[in-house]
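Chemist: The structure that follows is given in the form of structure tokens.
The values are calculated or read from the model by the stated rules, or taken from the named source; none is laboratory data. Computed from a predicted model, the values in this text were never measured in an experiment. Quick reminder, even Gly has a Cβ in these numbers, built from the backbone with ideal geometry, and neighbours come from all protein chains shown.
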Amino acid sequence: MSSLSRPSTGQDLVNPPVRAYVAAYGLWFLTFLVGLVVAFAVRDVFQMAMVFTPLDRYGVHLFNQISVVVLVVLLLALVVVTEAYYRNGVPRRQVGVRFARVIGILALILAVAQGVRLALEVVAGSVNLLSVLILAVSLGIYGGAREVVKRQAQPADASSARREVMSGALVGALLAAGAVLIALAIKTPLNPYDEGLALVGGMRVLHGDVPLRDYWAIYPPGQSYVLAALFGVAGENVLVERVYDTLVRVLLALVIYLVSARVLRSWRWALAPYLAAAVLLASATFYGYAVFPALLCGFAALLLGFIYVDRDKLRWLVGAGLLAGVTVFFRLDLGFYTAASIGVLLILTWLLPPEGDVAWGDRTRRLMLAVLAAAGPALLLVLVFYGYLGSVAGFSTMVENLLV
């Protein structure tokens, strides 16, 4: 064993390798960047809170200057303290868990700041869905960091526990990086045709128009109804639609990750298709496109189908059928592909049963029950939705616009 990695009494390293210090200082720099983001978020909340105070502009200016000084001092303290904290953690092999602990604290501060901001937005009557997104992400990071720290505290073999913590931290960091990559394009210029049609469709439905009857459309109106509901809650704003679209894309990438993990039987190898999906979704800068919620529902239905195969519980197929039905609200073609994918999965389960399950009659009856469990809810949703749409817009008009 090399002297660079030979442990001393306990778990400390006598001479830690240089790469360990490089990694520690890399995490230290990342901590500084995260702290900078949190500082900007807290200052933004301070400035927003000043609107609700009776202070004049001079008092507000003085308070803002003081808050900037305080935040700069706290940021410098973070830089100094975490540098020593991470550096001293290298010999103890605790850099990963210490990084998770610090990031968890910063995420909690950001979550509190966003919670205050969200409360102020509610008071002002103008809720920004981006605040909700940041609050959800910060709470998720806090929960993940807390779980990493908790696992490290449990008694276990030191080397295996350290590998598990580092592996979990790496997976979490790459998942977060993919989500951030998708969200970065939210400020791209407006697409006047595709995105414009989606926005106008949502606004027209909000104001009482019926798709296909009052305005022309070539795609199912599910996206228009979703945007109308969001506009009714958060206001008719492009950012509302873009935050919704971004959330859908992030969830789609995560569902692809979960499906890949089941197919590949590895949480780490599933990162490859996840990151590929994140890059593709980030490069698709046309927002309001109904294909993304359709893909989300379709892949989620397929995921529930895989869970059914593992657990043999029909309730998972009922959920898959409901999601397949919702897919048809957004895109007819993707709804068909989703139904076909679930059907192929069920047929393969019928043809290739688990070991010991060879009774042909039992397998056939199980297949019939599975098909009914998946197809029943899907057909019910489709009949209700398109039955209503055809009754108000005209069945001939609906068929001509959506199918012909």
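Chemist: Give just the number: which of (1) at pLDDT below 80; (2) surrounded by 14 or more Cβ atoms within 10 Å (Cβ to Cβ); (3) within 38 Å of the chain's Cα centre (by Cα) does Val18 not satisfy?
Modeler: Here Val18 meets the rest and fails (2).
Chemist: If you don't mind, there's one more thing I want to ask. Any idea which residue in segment 201-210 is surrounded by the fewest Cβ atoms within 10 Å (Cβ to Cβ), counting only those that are touching a Pro at 6+ places or on another chain (Cβ under 9 Å) and assigned to a helix (DSSP H, G or I)?
Modeler: Top of the filtered list is Arg204.
Every residue, every condition in (1) aromatic (Phe, Trp, Tyr); (2) free of Cβ contacts under 8 Å to residues at least 24 places away in the same chain; (3) surrounded by 19 or more Cβ atoms within 10 Å (Cβ to Cβ); (4) not assigned by TED's automatic domain parsing to the domain that holds Gln223, yes or no:
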| residue | (1), (2), (3), (4) |
| --- | --- |
| Leu302 | no, no, yes, no |
| Gly305 | no, no, yes, no |
| Tyr308 | yes, no, yes, no |
| Leu314 | no, no, no, no |
| Leu332 | no, no, no, no |
| Arg365 | no, yes, no, no |
| Val371 | no, no, no, no |
| Ala374 | no, no, yes, no |
| Pro377 | no, no, yes, no |
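Chemist: Moving to a separate point now. Looking for whichever is at pLDDT 95 or above and either aliphatic (A, V, I, L, M) or closer than 23 Å to Val309 by Cβ (or both) here; the options are Leu251, Leu239, Leu271. Which one fits?
Modeler: Checking each option against the conditions leaves just Leu251.
Chemist: For segment 187-214, which positions are among the acidic types (Asp, Glu) and over 27 Å from the mean Cα position of the chain (by Cα)?
Modeler: Asp209, Asp214
Chemist: Does Val226 satisfy being in contact with a strand residue (DSSP E or B) (Cβ under 9 Å, 6 or more places away or on another chain), of a type in the set (Val, Ile, Thr), at pLDDT 85 or above and under 27 Å from Leu332 (Cα atoms)?
Modeler: Here the answer is no, as Val226 does not meet what is asked.
Chemist: Pick from segment 158-200 the residues that are surrounded by fewer than 15 Cβ atoms within 10 Å (Cβ to Cβ) and among the basic types (Lys, Arg): which of them is modelled with the highest pLDDT?
Modeler: That would be Lys187.
Chemist: Check segment 376-384 and report whether any residue there is assigned to a helix (DSSP H, G or I) and either under 22 Å from Val263 (Cα atoms) or small (Gly, Ala, Ser) (or both).
Modeler: yes
Chemist: Confirm whether Val97 is assigned to a helix (DSSP H, G or I) and more than 23 Å from the chain's Cα centre (by Cα).
Modeler: Against the criterion (assigned to a helix (DSSP H, G or I) and more than 23 Å from the chain's Cα centre (by Cα)), Val97 qualifies.
Chemist: Can you tell me which condition Tyr86 does not meet? The list is (1) modelled with pLDDT of 90 or more; (2) within 31 Å of the chain's Cα centre (by Cα), and all the others hold.
Modeler: (1)
Chemist: Applying the selection to segment 94-116, what residues are among the basic types (Lys, Arg) and surrounded by fewer than 21 Cβ atoms within 10 Å (Cβ to Cβ)?
Modeler: Going through segment 94-116, the residues among the basic types (Lys, Arg) turn out to be 98, 101.
Selection gives Arg101 alone.
Chemist: Taking segment 228-246 only, how many residues are at positive phi and either touching a His at 6+ places or on another chain (Cβ under 8 Å) or assigned to a helix (DSSP H, G or I) (or both)?
Modeler: Taking segment 228-246 first, the residues at positive phi are 235.
Checking the rest, the ones that are also either touching a His at 6+ places or on another chain (Cβ under 8 Å) or assigned to a helix (DSSP H, G or I) (or both) come to none.
Final tally of qualifying residues: 0.
Chemist: Out of all the residues in segment 56-69, which are among the aliphatic types (A, V, I, L, M) and loosely packed, with under 14 Cβ neighbours inside 10 Å? Give the derivation first.
Modeler: If we filter segment 56-69 for residues that are among the aliphatic types (A, V, I, L, M), which is where we start, we get 60, 62, 66, 68-69.
Leu62, Ile66, Val68, Val69 - these are the residues of segment 56-69 that are among the aliphatic types (A, V, I, L, M) and loosely packed, with under 14 Cβ neighbours inside 10 Å.
Chemist: Looking only at segment 235-274, count every residue that is surrounded by 15 or more Cβ atoms within 10 Å (Cβ to Cβ), free of Cβ contacts under 8 Å to residues at least 24 places away in the same chain and basic (Lys, Arg) and tell me the total.
Modeler: Matching residues across segment 235-274 total 0.
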